[in-house]
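Enquirer: Here you go, one structure.
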Amino acid sequence: PDICFFSLFAFCYAQPAIELASEIKSLKPAITICIGGAGVAAYPDYFIRNQAIDFAFTAEAETCLNEFLAQLHSPAPDFSSVPGLWRKEKQGRYRSTVPVLTTPQDIELMCVKTHETSRRIYLSTSLSRGCPRQCRFCANHLSHGKPFRAVEKSVAIEKISAALHTYHNPAKEIGLNFEDDNILADPDYFLSILAALKESAPPFTFATENGIDYTFLTQSLLEYLVDLGMRQANISIGTSHNHIAEKENRTFNKKHFESIINALNLLKIPSITYFICGLKGDTRESIAETLSYLSILHTLTGISLFYAVPGLPDFTDKTIFGKNLPSLCCGSSAYPWNESLTTQTMVTAFRLSRYINICKQPSPSPQDRALIEKIRSERRLYTLVNKGDKKIFLPVENMDDELVGMVLAEYLAE
């Protein structure tokens, strides 16, 4: 190959991407290596200063790639016309024009099969970019900008319908996953596409994988979404504490949230409510209260551990990301970026949320029932591990015992 393109989904994967680029470069020094994606848009300097990287893109692919390739093959290339391009020059790093966001007409839509089970075929797509919310913990705007933009309605219907016809199998259900960050920012747009697909495409159900901001939902809207095929509701609240929410440019309306959960329960639609653990104002007490609060509602608990991304409001000094491994910018690292909670507390909260979900199973397995009873009786966390052909209980080490005690005392009292 003459050119190798990397698409970096998130900054936390920067190190293995650069290592792979370096290996490729060592095998073929003349190859041109380009890297783009949301992870690069957050901190392009980090990549372009590496010897293995020749070009770094911060603009969306539809905006920059055609012009880039045209200039690359030109006798006298002028890369200054390529939006959002970073490249090396004798004077050092170089960025061309400010990234230009795509228009709705430019956005490419793909609907792809992600996996298949004995009963269901899963397709995934994304209709939109950007989000009108200004949440301080969200990095969406760093790569997609703040305006909400969606692919042309007719294009969306045509391409998704074609995929549904392609993978139609009378013996299996098709599950369509919308990966948008906030598709209900324009509910009429989304509903009209679903209605058109229901009319013209093979039967399908759908879910919104990245969650729906509960403030966009009403009971009548939920009824319509269920009628159009919604099989599960992934709900996003950010935090259940208003004093913390306000610092993150959000609000929490307890009455409205509970009305949404109750409406879903009446419609017999399962739900998962996601909140963020590790925000700046979080404390051990606030997390215990949130877990206990969600435990008594007809919803599963989805917990997301906060992670920093270069360019977020509280992390505009990007030099700190050069001093830490990029992998710490991953939720599963449970790194205490805001110093509000320790890694120990965040991992404990994660495990407690899973314990609460196991307790909510309508028909837990004998092993799960035994695990539940052991945790309840001893008031400490255990896990199941394989040992030969058996599963055994092991106590979870390095837990935040105080948080465990707070949550179990409250949860068992209900």
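Enquirer: Springs between alpha-carbon pairs under 10 angstrom, Gaussian network model over the chain: which of 383, 117, 342 fluctuates most?
Expert: Comparing 383, 117, 342 in the GNM, the peak value goes to 117.
Enquirer: For the stretch 220-314, which trypsin sites (Lys or Arg not before Pro) are both in a DSSP coil and crowded by at most 16 other Cβ atoms within 10 Å?
Expert: Numbers: sites: 231, 247, 250, 254, 255, 268, 280, 284; in loops: 250, 268, 280.
Loop-located and lightly packed - 268, 280.
Enquirer: How many Å³ per residue does the convex hull of the Cα positions in the stretch 260-374 occupy?
Expert: Measuring per residue, one finds 132 Å³ for the Cα hull of the stretch 260-374.
Enquirer: Please list, or write none, the lysines whose alpha carbon is within less than 27 Å of the alpha carbon of residue 390, excluding same-chain residues fewer than 8 places away.
Expert: Leaving aside lysines fewer than 8 places away in the same chain, those within reach of residue 390 are 360, 374.
Enquirer: For residue 266, tell me the accessible area in Å² from a 1.4 Å probe, rounded to the nearest 10.
Expert: 140 Å²
Enquirer: Need one number: the % of Cα-Cα pairs in the stretch 1-134 sitting beyond the 25 Å mark.
Expert: Details: 3018 of 8911 pairs.
When all Cα pairs of the stretch 1-134 are counted, 34 percent exceed 25 Å.
Enquirer: Here is a further query. Distance between the C-alpha centers of the stretch 367-397 and the stretch 209-275? Whole Å please.
Expert: The stretch 367-397 and the stretch 209-275 have Cα centres spaced 32 Å from each other.
Enquirer: Now for a separate question. Could you pull out the trypsin sites (Lys or Arg not before Pro) across the stretch 32-92 that fall in loop regions by DSSP (anything but H, G, I, E, B) with no more than 15 other Cβ atoms inside 10 Å? All intermediate terms of the calculation are to be shown ahead of the outcome.
Expert: Numbers: sites: 49, 87, 88, 90; in loops: 49, 90.
Passing sites in the stretch 32-92 are 49, 90.
Enquirer: On to the next question. Angle, helix 14-27 long axis vs. longest principal axis of the chain, Cα atoms, 0 to 90°, nearest 10?
Expert: Its long axis makes an angle of about 40 degrees.
Enquirer: On a straight-distance basis, which lysines could pair with residue 323 in a cross-link, Cα separation under 22 angstrom, same-chain partners fewer than 8 positions away excluded?
Expert: 280
Enquirer: Sticking with this structure for a sec: Starting from a Cα-only point model with no solvent, please compute log10 I(q)/I(0) by Debye for the stretch 127-182 at q = 0.14, 0.21, 0.23 1/Å.
Expert: With no solvent term, the Cα-only Debye profile gives -0.53, -0.83, -0.90.
Enquirer: Still on this model: Within 10 Å of each candidate Cβ there may be at most 13 other Cβ atoms; applying that plus a DSSP loop requirement, which GluC sites (Glu not before Pro) in the stretch 260-347 survive? Could the numbers behind the result be given before it?
Expert: Numbers: sites: 285, 289, 339; in loops: 339.
Within the stretch 260-347, the qualifying GluC sites (Glu not before Pro) (loop, at most 13 other Cβ atoms within 10 Å) are 339.
Enquirer: Same structure, new question: Roughly speaking, to the nearest percent, how much of the chain's 1.4 Å accessible area is carbon and sulfur? Don't skip to the end; give the middle numbers.
Expert: On the way: 10510 of 20230 Å².
Result for the chain: 52 percent of the exposed heavy-atom area is carbon or sulfur.
Enquirer: Mind pulling the angle between the C-alpha long axis of helix 284-295 and the longest principal axis of the chain? Nearest 10 degrees, somewhere in 0 to 90.
Expert: The two axes meet at around 70 degrees.
Enquirer: Please list, or write none, the lysines whose alpha carbon is within less than 19 Å of the alpha carbon of residue 153, excluding same-chain residues fewer than 8 places away.
Expert: Partners found: 198.
Enquirer: Hull surface divided by four, with the convex hull built on the Cα atoms of the stretch 140-217: how many nm²? Let's see the in-between values first.
Expert: Values: hull surface 23.2 nm².
Average projection, Cα convex hull of the stretch 140-217: 5.8 nm².
Enquirer: Taking a probe of 1.4 Å, how large is the accessible area per residue of the stretch 294-414, in Å²? List each step's numbers first, then the result.
Expert: Numbers: 6410 Å² over 121 residues.
Per-residue value: 53 Å².
Enquirer: Ignoring ligands, DNA and RNA, what accessible area per residue does the stretch 1-126 give at 1.4 Å, in Å²? Walk me through the numbers on the way to the answer.
Expert: Values: 6760 Å² over 126 residues.
On a per-residue basis, the stretch 1-126 sits at 54 Å².
Enquirer: When the helices in the chain are scored as -39500 (n - 2.57) per DSSP H run of 4 or longer and the sum is shared across all residues, what 222 nm value do you end up with, to the nearest 500 deg cm²/dmol?
Expert: Numbers: 15 runs with 157 residues, N = 414.
Result for the chain, helices only: -11500 deg cm²/dmol.
Enquirer: In whole percent, what relative contact order does the chain give with Cα contacts below 8 Å and a gap of six or more residues? Each step should come with its number before you reach the end.
Expert: Values: 710 pairs, mean separation 43.5, N = 414.
Normalised by residue count, the contact order of the chain is 11 percent.
Enquirer: Then there is this: So what is the orientation-averaged projected area of the stretch 25-98, using the convex hull of its C-alpha atoms, in nm²?
Expert: Projected area, direction-averaged: 5.1 nm².
Enquirer: With both partners inside the chain, how many of the DSSP beta bridges are antiparallel, as a percent to the nearest 5?
Expert: Numbers: 19 of 51 bridges.
Beta bridges within the chain, antiparallel portion: roughly 35 percent.
Enquirer: By how many degrees, 0 to 90 and rounded to 10, does the Cα axis of helix 366-378 deviate from the longest principal axis of the chain?
Expert: With rounding to tens, the tilt is 70 degrees.
Enquirer: What base-10 log of the normalised intensity I(q)/I(0) is obtained for the chain from the Debye formula, alpha carbons as equal point scatterers, at q = 0.06, 0.07, 0.08, 0.13 Å⁻¹?
Expert: With one equal scatterer per Cα and no solvent, log10 I(q)/I(0) is -0.30, -0.41, -0.53, -1.29.
Enquirer: Can you check how the C-alpha radius of gyration of the stretch 172-270 compares to 2.2 N^0.38 Å, as a plain ratio?
Expert: 1.13
The values are calculated or read from the model by the stated rules, or taken from the named source; none is laboratory data. Here the structure is a predicted model, which means the values were calculated and not measured. Positions of Cβ are backbone-derived with ideal geometry, glycine not excepted, and every protein chain shown enters the neighbour counts. Keep in mind that these areas ignore ligands, DNA and RNA; they rest on the heavy atoms of the full protein, side chains included. Shrake-Rupley method; radii C 1.70, N 1.55, O 1.52, S 1.80 Å.
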